[in-house]
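Asks: Below are the C-alpha cells for one structure; questions will follow.
The values are calculated or read from the model by the stated rules, or taken from the named source; none is laboratory data. Keep in mind that this is a model prediction, so the values were computed, not measured. Here Cβ is always computed from backbone atoms with ideal geometry, including for glycine, and neighbour counts include all displayed protein chains. Ligands, DNA and RNA are excluded from the accessible area calculation, which covers all protein heavy atoms including side chains. Shrake-Rupley method; radii C 1.70, N 1.55, O 1.52, S 1.80 Å.
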Amino acid sequence: MDLLRINTAGSVDDGKSTLIGRFLNDSHALTIEQEELIARKTKEKGLEDLDFSVITDGLIAEREQGITIDVAHIYFSTENRKFIIADSPGHVEYTRNMVTGASNSEVSIILIDARKGLLEQTHRHYFISTLLRLKTVVFCINKMDLTDYSEDVFLSIAADVNKMTAQFSHKPDIYVLPISSLKGDNVVYSSKNTPWYTGETLSGILHKIEPNVADTDDFRFDVQQVLHVQNKEFTDYRAYAGHIISGGLSVGDAVTVLPSGISSEVVEIRKFTNTPSHAQAGESIQIRLKNDIDISRGMMLVKGHTDSLLEKDINATIVWMDEKQAASGGKYLLQAGSRRVVSKLQTIVEVIPPENPEATHEASSLKLNDIAKVQIKTAAPAFLDPFDKNRLNGVFILIDTQTNNTVAVGFTA
C-alpha cells in the first residue's frame, strides 16, 4: 500500500487540527478512544460541533492555550493508502517547525481562513513548500460556512493564490478548493453547499497523488558502521552497515568509496539473515565488497561521477533556527547523515523575505526564522548533491560547537 507524507500549515486558528480530525473521522480512521476523547472534550467546552482539534493537540499545555506549538504527527490509513500527516504550528515565530514538518513531506496543505484571505504566513508557508521542492501544494479555503459558502469570496481568494504562485519559477502541482473542516464540506465528501465547485474533495486529491518513485536518483550510501565478525558462521566477515540515501544497489555493481576514490564490486547485500540481490532508497543494509578497502563511519559509497561531491565550498539556502543570531565568519559543525565536518559561515549573501521573495536584502547576521542564501566553507568534503538534483542528499544541518544546538537547516544550491 502506497505511503503519502503530508504537511499541514497555515496561520493561527485557520483550522489545521480540526481539518485533520475531520479527515480522520470521515475516513473512519479514528480509534474508539479518540472518538470518546472528542465527545468528552466537546461536551466540556459546550460546543455544538464536534471538537476534532484534540486529535493533534496532544499536549495538555497546548490544549489549555488553544494553540498547537510543536509538530504533531498522525499515522493512519484508508482502504487504498497510508498517510503520515505533520501538523505544523501557525505562529510566525514557529516557522522553523513548519520547515521540520515539511522536510520529509511530499504534499503541503495550506489552510486559508475565508474571512481573512492570504496572510503573511500563507506567503511564508508557500515559499517554504517551494524551497523544499514539494511536488503538490493544496490550498484549502477553510471556514466557508462562515461566509455563507460565497462563490465570490472563494474566487477572489483563488485569484490571489494564483497571483502569489505565479512569482515562483518552481511550480508544484497546485489545487485550490473550498472547505469547512468544522462541518465537513469537501473534505472527504462533496458538499451540496458549494454547487458551484465541481472539483475533487481533499480526500480525492490526496488519494490520486502518486508517491515519489524510488531509484530515480544517483546511488548514495551513508556508511554508519564497519562490521568485522570472526566466528563459526562468519569467517573473516567484513561488511559496511548504513543507510541508502538515494538510488538503488544490486549485487555485482561497481561502487566508489569517498573520499578516497577507490572502487570495488558489491559481492553481497545483507538485511539481517536475508541476502537480497537488490536494495533501494530508504533501506538500511550491510554491504560486502570484493576488495578489502579502508572504510570508516562517515564515508560514502557512490556510483558514477563523484567530482561535485568532493567540493568544500557550498552555496546553500538556510533557515536559521536558533535564538542566538548567526554572523558571517561563525564556525559550526555541518552534518549530513553520519558525516560531520567543521565549517565556516563564509558569507551571508542575502536574506529572503518569504512574503516577498523578490525583495531580498543584505545582512551581516541572521535571526530566528530568517531564510538566507549563504556561502559555507568546509574543512572536508560533505559529499552533498545539489538539492534540485537529489533532494535526499542535498540537505544538511548546522550545529553550534559550544551548545550542541541545531541552529540551521540548509539546502544546497
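Asks: So, in segment 322-338, of the ones that are closer than 18 Å to I245 by Cα and not in a strand (DSSP E or B), which residue ends up least open to solvent (accessible area, probe 1.4 Å)?
Replies: Out of the qualifying residues, it is S338.
Asks: Then there is this: If you go through segment 257-268 one residue at a time, do you hit one that is of a type in the set (S, T, Y), in contact (Cβ under 8 Å) with a residue 60 or more places away in the chain and over 30 Å from S27 (Cα atoms)?
Replies: no
Asks: Would you tally the residues in segment 373-413 being under 18 Å from H170 (Cβ atoms), more than 17 Å from the chain's Cα centre (by Cα) and aliphatic (A, V, I, L, M)?
Replies: 1
Asks: Go through segment 64-95 and give me each residue that's surrounded by fewer than 20 Cβ atoms within 10 Å (Cβ to Cβ), outside any loop (DSSP other than H, G, I, E, B) and either under 12 Å from the mean Cα position of the chain (by Cα) or at pLDDT 75 or above (or both).
Replies: H73, Y75, F76, S77, K82, I84
Asks: Which of (1) closer than 30 Å to S284 by Cα; (2) out of contact with any Lys or Arg (no Cβ under 9 Å at 6 or more places or on another chain) does I174 not meet, given it meets every other one?
Replies: It is condition (1) that I174 fails.
Asks: Which of the residues spanning segment 275-321 are within 18 Å of V257 (Cβ to Cβ), part of a loop (DSSP other than H, G, I, E, B) and free of Cβ contacts under 8 Å to residues at least 12 places away in the same chain?
Replies: If the condition is that a residue be within 18 Å of V257 (Cβ to Cβ), part of a loop (DSSP other than H, G, I, E, B) and free of Cβ contacts under 8 Å to residues at least 12 places away in the same chain, then H305 is the only one that fits.
Asks: Can you list residue pairs whose Cβ atoms sit under 6 Å apart, with the first residue in segment 109-136 being among the hydroxyl-bearing types (S, T, Y) and the second being in a loop (DSSP other than H, G, I, E, B)? Count only pairs 6 or more apart in sequence or on different chains.
Replies: That search, which allows pairs on different chains as well, returns T130/F168; T130/H170; T136/P172; T136/I209.
Asks: Kindly check whether there is at least one residue in segment 236-243 that is within 30 Å of N80 (Cβ to Cβ) and either buried (at least 16 other Cβ atoms within 10 Å of the Cβ) or out of contact with any Cys (no Cβ under 6 Å at 6 or more places or on another chain) (or both).
Replies: Yes, segment 236-243 contains a residue that is within 30 Å of N80 (Cβ to Cβ) and either buried (at least 16 other Cβ atoms within 10 Å of the Cβ) or out of contact with any Cys (no Cβ under 6 Å at 6 or more places or on another chain) (or both).
Asks: Still on this structure, please answer the following. Restricting attention to segment 339-368, and to residues there that are in contact (Cβ under 8 Å) with a residue 40 or more places away in the chain and part of a loop (DSSP other than H, G, I, E, B), which single residue is surrounded by the fewest Cβ atoms within 10 Å (Cβ to Cβ)?
Replies: Looking at residues that are in contact (Cβ under 8 Å) with a residue 40 or more places away in the chain and part of a loop (DSSP other than H, G, I, E, B), I get E358.
Asks: Looking at segment 155-181 only, could you name the residues that are over 18 Å from K135 (Cα atoms), surrounded by fewer than 16 Cβ atoms within 10 Å (Cβ to Cβ) and among the small types (G, A, S)?
Replies: Answer for segment 155-181, where residues must be over 18 Å from K135 (Cα atoms), surrounded by fewer than 16 Cβ atoms within 10 Å (Cβ to Cβ) and among the small types (G, A, S): S156, A159.
Asks: Are any of the residues in segment 168-177 part of a helix (DSSP H, G or I) and among the basic types (K, R)?
Replies: So far as segment 168-177 goes, no, none of its residues is part of a helix (DSSP H, G or I) and among the basic types (K, R).
Asks: Suppose the filter is surrounded by 15 or more Cβ atoms within 10 Å (Cβ to Cβ) and either within 30 Å of V187 (Cα to Cα) or at pLDDT below 90 (or both); does L289 pass it?
Replies: No, not satisfied.
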